[in-house]
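Down below is the structure, laid out as structure tokens.
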Amino acid sequence: MAASGLKASDLRAFDLAAAGHDGVLSDESGALVIKPCTAREVAFYTSAAEHPNFQKWMPTFFGTLELSSSEPAAGPVTHDRNTSIVLQNLTYGFDKACVMDIKLGAQLWDDEAPQDKRDRLDAVSNVTTSRSLGLRIAGMKVWKGEAAGGYKVFDKHYGRTFTADNCVEAVKEYFAGEISEEQKKLIAGRFLKKVTEIREALEGQESRMYSASFLFVYEGDGEVLKTALKEEEENAKKPPKDEDDDSEDDEKIEKVEELKLIDFAHANWTPGEGPDENVLQGVRSAERLLAELVK
């Protein structure tokens, strides 16, 4: 799958972004997201190949796409950047994706930010869990079931109402999809394992990321989730497929859960500067919050 074959006319507005980014598009299959980007973000994705332990926690990068203003894209365009980045859609493969975007770091601005932007972001950080925990819930979308009206959406203001003491309640709300208690524990446990692996990867990296996020996704329909878990179990018993073997149909496999780091518009590799303690504070807090749900 490559970005080169995409045309603006094939794209449509993407509506499952938990933290509501403007100008995000998707291809017809839904497997890709196309979003406005900076040269810095492209450079970070491109050079991530030299950091494989970190790269495995990033969405798959398929290149860039020039969306010229003469070829209008679907949906309102509220940015002035013609270059878009083409990435794996992390919600693809889910029937009822439950999504949570957690912004990482107490400091959310980089060295290039003007003073007024620093002041504004610091003011939000100071009165939210960004300062106390190094993380803040930036948005959630939770499937509640048809009878309960479908999706419940929580915007950026929701996460700002919590403190370090009660933030776990917000995370519990994320796991309140149409799934059983046993399924909640299982998914929270899987997320905890992944967050721990991400922490270990970050502790071994010299990078700086400001305003990057965790994107959590799980299957919110309990019946579909049960099927996905069964499929997973059966696939684990099969002998590993030969890479050149195209004999089986490339069918859409139902996914159980997904977790990646996203949003690298303010990210750099910083050799010689040690690990990113600003982001790591938030990652360790996420570990503690998930551990509370698992126990």
| Going from most exposed to least, what order do 161, 227, 83 have by accessible area with a 1.4 Å probe? | 161, 227, 83
| said: Taking 0.36 nm per residue of sequence separation and subtracting the Cα-Cα distance, how much length would be gained by fully extending the chain between residue 231 and residue 29, in nm to one decimal? | reply: 70.5 nm
| task | Order 143, 109, most accessible first, counting only protein heavy atoms with a 1.4 angstrom probe. | result | 109, 143
| note | Subtracting the Cα-Cα distance of residue 120 and residue 172 from 0.36 nm times their residue separation yields 15.8 nm
| task | Could you pull out the trypsin sites (Lys or Arg not before Pro) across segment 145-210 that fall in loop regions by DSSP (anything but H, G, I, E, B) with no more than 15 other Cβ atoms inside 10 Å? | result | 160
| Percentage relative contact order, segment 145-295, counting C-alpha pairs under 8 Å, at least six apart | 39
| field | Rough spin-label spacing in nm, given labels placed 7 Å along Cα→Cβ, for residue 181 and residue 56 | value | 3.4
| Summing Lys, Arg as +1 and Asp, Glu as -1, what charge do residues with Cβ under 12 Å from the Cβ of residue 232 carry, residue 232 excluded? | 0
| remark: For residue 137 the rounded accessible area (nearest 10 Å², probe 1.4 Å, non-protein molecules ignored) is 10
| message | Counting only Cα atoms, I'd like the Rg/Rh figure for segment 172-295, Kirkwood definition for Rh. | response | 1.05
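The values are calculated or read from the model by the stated rules, or taken from the named source; none is laboratory data. Given the structure is predicted, the values throughout are model-derived calculations rather than measurements. Heads up, the Cβs are rebuilt from the backbone with ideal geometry, glycines too, and the neighbour counts pull from every protein chain shown. Surface areas here come from the heavy atoms of the whole protein model, side chains and all, with no ligands, DNA or RNA. Shrake-Rupley method; radii C 1.70, N 1.55, O 1.52, S 1.80 Å.
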